[in-house]
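The values are calculated or read from the model by the stated rules, or taken from the named source; none is laboratory data. Because the structure is predicted, anything quoted here is derived from the model rather than measured. Virtual Cβ from ideal backbone geometry, glycine too; neighbours counted across all protein chains shown.
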Amino acid sequence: MATITPVLLCGGVGSRLWPVSRQERPRQYLNLIGETSMLQQTLTRIESLAQTSPIIVCNEEHRFLVAEQVRQLVLNEQS
C-alpha cells in the first residue's frame, strides 16, 4: 500500500478577516476558536490519519511562526 504524506497549504495573508488578521499574523495562525490556531487544529485532526509527518507549505516570512506553533502543539501533547 502507498504511503500517504499530508500536505498542508498555509499560505496567504488572510486579508478578508482584517483587522483581526494581519500580514504578519494571518488567520491560519490565530486562535479564533478555542486555545489553538487553525493550523494546530488541522495538525491534530490529521495526526491519527498520517503515516508520515506532514509537509507544511507557508510563506517564507511565516516559517518561524509555523515552527513555533508546531513546537507548542508537541509540547502540549507531551504534558
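Results, tabulated for the structure shown:
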read-out	value
Verdict on Thr52 being outside any helix (DSSP H, G or I), among the polar types (S, T, N, Q), exposed (fewer than 12 other Cβ atoms within 10 Å of the Cβ) and touching a strand residue (DSSP E or B) at 6+ places or on another chain (Cβ under 7 Å)	no
Qualifying residues in the range 29-49 (those that are at pLDDT below 90, under 12 Å from the mean Cα position of the chain (by Cα) and outside any helix (DSSP H, G or I)) - the one farthest from Leu9 (Cα to Cα)	Asn31
Count of the range 55-76 residues which are over 12 Å from the mean Cα position of the chain (by Cα) and buried (at least 18 other Cβ atoms within 10 Å of the Cβ)	0
Residue in the range 1-28 that is farthest from Gln51 (Cα to Cα), counting only those that are in contact with a Leu (Cβ under 9 Å, 6 or more places away or on another chain) and part of a loop (DSSP other than H, G, I, E, B)	Val20
Residue among Leu73, Leu65 that alone is outside any loop (DSSP other than H, G, I, E, B), at pLDDT 90 or above and among the aliphatic types (A, V, I, L, M)	Leu65
Yes/no for Gly12 being surrounded by 13 or more Cβ atoms within 10 Å (Cβ to Cβ) and either under 19 Å from Asn76 (Cβ atoms) or in contact with a helix residue (DSSP H, G or I) (Cβ under 8 Å, 6 or more places away or on another chain) (or both)	yes
